[in-house]
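Q: First the structure, which I've put down as structure tokens, then a few questions once you've had a look.
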Amino acid sequence: MKIAMMTNNYKPFIAGVPISVERLAEGLKEEGHEVTVFAPAYKAQMKEEGVVRFHSFLEGIAGGVVIPNPLDPVIERRFREEDYDIIHVHHPIAIGNTAAYLSHKYKVPMVFTYHTRYEEYLHYVKPMMWVKNLVPAYLKSFFEKCEHIFAPTEGMEDYLTGICGVEGEKVSVLPTGLKEESYHGELQNTERIRKMYDAQNCPLFVSVSRLAHEKNISFLLYALSRFKRSFRKPFKMLLIGDGPERGSYEKLVCSLGLEEEVIFTGTVANAALPDYYRAADLFLFASKTETQGIVILEAMAGETPVIALKATGVSDLVKNGQNGYCVEEDMDLFAERMAEVLNNRKLHTALAGEAFKTAYAFREKEIAKKAAEIYKAVVKRNHEKERNFFQMATTGINLLSEL
């Protein structure tokens, strides 16, 4: 199949959607499909075969987000050069509108992945906050243009069919896949990481996230402060990532007296992350806006139990007492769960083993196979609709000619 992937953000910008798009594209290519990714331009981008870059108006918003120009004529020019079987768009606005236009004009069916609770990100564009209540209505109109919609988890599937009113047969769960290297790590690398951060003889915690308001990092830091008071032994916490709120979080760390424990590593290359996950005793996560939580699965692939806040997407992955704990937004409870797992080696070992089993079901290759099967079903159904329409039109013309 020839597949056009369309996105409002992509590498070198690091976030969940670019990772999801890249992994799905790679998995599909490995299965023998042709994939072209239509993505905005960045100053630091690498030239890459199979990626069409369109113009960006503005770069560097909210830690690296760009404002793309979905009307750049290069998109349609490059699109019509190929005879695509399907369009898979990853955002409902901007490039989503362009994808819908191309789908209608060139009679190519369009599918969509609902990656993000978009209303949770409007604080980045404060003049647009007033449209928050209009988001559901806009999404509903966009969904009607899609032949199929992917949800990253069962919880988001329920949201789409329940709150958003999408027909059940039109929705499938398609999570982001994990690369094979996510499941493997080198012992010397994990030992090196623990030594680098002076954590050879104490618990090491890791969290991977953009340092931004919607990721709820402040809750995590307050919970760590409670944990420190009760645990009363040394520990280290690595906050991996960067973002617009880093400065305010660094100040909060100082005010909470966590300067010795919390380390801001900045961005770490994706290829190196599996070793960080494997080096950690616990993966901590406080975001409540995730539709899947790719980093949670990546941590589990490293046999690392997860302590996270209960939220849509996260709760589909983290099972209490099995591969970690999902708790209410209560700092003391969060800290108690951390201590409970650390103080019980048998429990920690059991959680780690089940975490790996959970992650193993999300291999990139298997996710790509499922996507391709749905693509084929959509294309087949679309061809049948066109054939039926043609037959009806022909019948109508014949009847008129007999009058």
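The values are calculated or read from the model by the stated rules, or taken from the named source; none is laboratory data. Here the structure is a predicted model, which means the values were calculated and not measured. Here the Cβ positions follow ideal geometry from the backbone for every residue, glycine too, while neighbour counts run over all protein chains shown. Heads up: the accessible areas ignore ligands, DNA and RNA and are worked out on the full protein's heavy atoms, side chains in. Shrake-Rupley method; radii C 1.70, N 1.55, O 1.52, S 1.80 Å.
Q: Looking only at residues in the range 213-233 that are in a loop (DSSP other than H, G, I, E, B) and without any contact (Cβ under 8 Å) to a residue 40 or more places away in the chain, which one is least open to solvent (accessible area, probe 1.4 Å)? Lay out the reasoning, then the answer.
A: Applying the first criterion (in a loop (DSSP other than H, G, I, E, B)) to the range 213-233 yields 216, 232-233.
Then keep just the ones that are without any contact (Cβ under 8 Å) to a residue 40 or more places away in the chain; that gives 232-233.
On the way: Arg232: 200, Lys233: 110 Å².
Selected residue: Lys233.
Q: Give the residue that is nearest to Tyr106 (Cα to Cα), with candidates limited to residues of the range 17-26 that are among the β-branched types (Val, Ile, Thr) and open to solvent by 10 Å² or more (accessible area, probe 1.4 Å). Please lay out each step first, then the result.
A: Step one: filter the range 17-26 for residues among the β-branched types (Val, Ile, Thr), giving 17, 19, 21.
Now restrict to residues that are open to solvent by 10 Å² or more (accessible area, probe 1.4 Å): 17, 19.
On the way: Val17: 26, Ile19: 28 Å.
Of everything passing the filter in the range 17-26, Val17 is nearest to Tyr106 (Cα to Cα).
Q: Exactly one condition in (1) open to solvent by 10 Å² or more (accessible area, probe 1.4 Å); (2) among the hydrophobic types (A, V, I, L, M, F, W, C); (3) outside any helix (DSSP H, G or I) is not met by Leu333; state its number.
A: (3)
Q: Collect the residues in the range 170-203 that are polar (S, T, N, Q) and within 27 Å of Gly16 (Cβ to Cβ), keeping them in residue-number order.
A: Filtering the range 170-203 for residues polar (S, T, N, Q) gives 172, 176, 182, 188-190, 200-201.
Those that are polar (S, T, N, Q) and within 27 Å of Gly16 (Cβ to Cβ): Ser172, Thr176, Ser182, Asn189, Thr190.
Q: Take Leu273 and decide whether it is within 23 Å of Thr116 (Cβ to Cβ), hydrophobic (A, V, I, L, M, F, W, C), open to solvent by less than 20 Å² (accessible area, probe 1.4 Å) and part of a helix (DSSP H, G or I).
A: yes
Q: Looking at Val295, Val268, which one is part of a loop (DSSP other than H, G, I, E, B) and open to solvent by less than 40 Å² (accessible area, probe 1.4 Å)?
A: Numbers: Val295 fails: part of a loop (DSSP other than H, G, I, E, B).
Sole residue among the options that is part of a loop (DSSP other than H, G, I, E, B) and open to solvent by less than 40 Å² (accessible area, probe 1.4 Å): Val268.
Q: I would also like to ask the following. Being among the hydrophobic types (A, V, I, L, M, F, W, C), open to solvent by 30 Å² or more (accessible area, probe 1.4 Å) and part of a loop (DSSP other than H, G, I, E, B) is the filter here; which residues of the range 234-262 pass it? Explain how you work it out, then say what you get.
A: Here is the first cut: in the range 234-262, the residues among the hydrophobic types (A, V, I, L, M, F, W, C) are 235, 237-240, 252-254, 256, 258, 262.
Now restrict to residues that are open to solvent by 30 Å² or more (accessible area, probe 1.4 Å): 254, 256.
Answer for the range 234-262, where residues must be among the hydrophobic types (A, V, I, L, M, F, W, C), open to solvent by 30 Å² or more (accessible area, probe 1.4 Å) and part of a loop (DSSP other than H, G, I, E, B): just Leu256.
Q: For the range 277-284, does any single residue satisfy the condition of being part of a helix (DSSP H, G or I) and open to solvent by less than 20 Å² (accessible area, probe 1.4 Å)? Before you say what the answer is, go through the steps one by one.
A: Residues of the range 277-284 part of a helix (DSSP H, G or I): 277-279.
Of the ones still in play, those that are also open to solvent by less than 20 Å² (accessible area, probe 1.4 Å) are 277, 279.
Looking through the range 277-284, at least one residue is part of a helix (DSSP H, G or I) and open to solvent by less than 20 Å² (accessible area, probe 1.4 Å).
Q: Restricting the range 367-388 to residues that are of a type in the set (D, E, K, R) and exposed (fewer than 14 other Cβ atoms within 10 Å of the Cβ), which is nearest to Ile294 (Cα to Cα)?
A: Applying the first criterion (of a type in the set (D, E, K, R)) to the range 367-388 yields 369-370, 373, 376, 380-381, 384-387.
From what's left, exposed (fewer than 14 other Cβ atoms within 10 Å of the Cβ): 373, 376, 380-381, 384-387.
On the way: Glu373: 23, Lys376: 26, Lys380: 31, Arg381: 31, Glu384: 36, Lys385: 36, Glu386: 38, Arg387: 40 Å.
Residue satisfying both the conditions and the ranking: Glu373.
Q: Further question: Identify the single condition in (1) within 29 Å of the chain's Cα centre (by Cα); (2) open to solvent by less than 10 Å² (accessible area, probe 1.4 Å) that Ala199 does not satisfy, given that it satisfies every other one.
A: That leaves (1) as the condition not met.
Q: For Glu186, are the conditions met, namely being open to solvent by 20 Å² or more (accessible area, probe 1.4 Å), acidic (Asp, Glu) and modelled with pLDDT under 90? Show your work before the answer.
A: On the way: open to solvent by 20 Å² or more (accessible area, probe 1.4 Å): yes; acidic (Asp, Glu): yes; modelled with pLDDT under 90: yes.
Yes, satisfied.
Q: Continuing with the same structure: Specify which of the listed residues (Phe79, Phe38) is part of a helix (DSSP H, G or I) and modelled with pLDDT of 95 or more.
A: Details: Phe38 fails: part of a helix (DSSP H, G or I).
Answer to the check: Phe79.
Q: With the requirement that a residue be open to solvent by 50 Å² or more (accessible area, probe 1.4 Å) and either closer than 19 Å to Ala100 by Cα or at pLDDT 90 or above (or both), what does the range 142-157 give you? First the steps, then the outcome.
A: The first filter runs over the range 142-157 and keeps only residues open to solvent by 50 Å² or more (accessible area, probe 1.4 Å), leaving 144-145, 154.
Answer for the range 142-157, where residues must be open to solvent by 50 Å² or more (accessible area, probe 1.4 Å) and either closer than 19 Å to Ala100 by Cα or at pLDDT 90 or above (or both): Glu144, Lys145.
Condition check ((1) polar (S, T, N, Q); (2) within 30 Å of Lys215 (Cβ to Cβ); (3) surrounded by fewer than 19 Cβ atoms within 10 Å (Cβ to Cβ)) across all residues:
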position: Leu28; (1), (2), (3): no, yes, no
position: Gly32; (1), (2), (3): no, no, yes
position: Ala44; (1), (2), (3): no, yes, yes
position: His55; (1), (2), (3): no, yes, yes
position: Val65; (1), (2), (3): no, yes, no
position: Pro70; (1), (2), (3): no, yes, no
position: Val74; (1), (2), (3): no, no, yes
position: Ile86; (1), (2), (3): no, no, no
position: Ile93; (1), (2), (3): no, yes, yes
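Q: Among the residues of the range 57-75, how many are within 17 Å of His90 (Cα to Cα) and either in contact with a Cys (Cβ under 8 Å, 6 or more places away or on another chain) or at pLDDT 85 or above (or both)?
A: Going residue by residue through the range 57-75, those that are within 17 Å of His90 (Cα to Cα) are 65-71, 75.
Next, only the ones that are either in contact with a Cys (Cβ under 8 Å, 6 or more places away or on another chain) or at pLDDT 85 or above (or both) stay: 67-71, 75.
Within the range 57-75, residues that are within 17 Å of His90 (Cα to Cα) and either in contact with a Cys (Cβ under 8 Å, 6 or more places away or on another chain) or at pLDDT 85 or above (or both) number 6.
Q: A further question on this structure: If I filter the range 1-16 for residues that are surrounded by fewer than 22 Cβ atoms within 10 Å (Cβ to Cβ), at pLDDT 95 or above and closer than 20 Å to Ile367 by Cβ, do I get at least one hit?
A: Yes.
Q: Suppose we keep only residues that are part of a loop (DSSP other than H, G, I, E, B) and charged (D, E, K, R) within the range 298-310. Which one would you say is nearest to Gly177 (Cα to Cα)? Spell out how you get there, then give the answer.
A: Step one: filter the range 298-310 for residues part of a loop (DSSP other than H, G, I, E, B), giving 302-305, 310.
Adding the requirement that they be charged (D, E, K, R) leaves 303, 310.
Numbers: Glu303: 17, Lys310: 22 Å.
The qualifying residue nearest to Gly177 (Cα to Cα) is Glu303.
Q: Can you find a residue that is assigned to a strand (DSSP E or B) and either surrounded by fewer than 18 Cβ atoms within 10 Å (Cβ to Cβ) or modelled with pLDDT of 95 or more (or both) anywhere in the range 358-366?
A: Looking only at the range 358-366, we keep the residues that are assigned to a strand (DSSP E or B), and these are 363.
Checking the rest, the ones that are also either surrounded by fewer than 18 Cβ atoms within 10 Å (Cβ to Cβ) or modelled with pLDDT of 95 or more (or both) come to none.
For the range 358-366, residues assigned to a strand (DSSP E or B) and either surrounded by fewer than 18 Cβ atoms within 10 Å (Cβ to Cβ) or modelled with pLDDT of 95 or more (or both): absent.
Q: I'd like to verify a number: residues in the range 300-320 that are without any contact (Cβ under 8 Å) to a residue 24 or more places away in the chain and either open to solvent by 70 Å² or more (accessible area, probe 1.4 Å) or of a type outside the set (Val, Ile, Thr) (or both), how many?
A: So the first thing to find is which residues in the range 300-320 are without any contact (Cβ under 8 Å) to a residue 24 or more places away in the chain, and the list is 310, 318, 320.
Filter once more, so that each one left must be either open to solvent by 70 Å² or more (accessible area, probe 1.4 Å) or of a type outside the set (Val, Ile, Thr) (or both): 310, 320.
Number of matching residues: 2.
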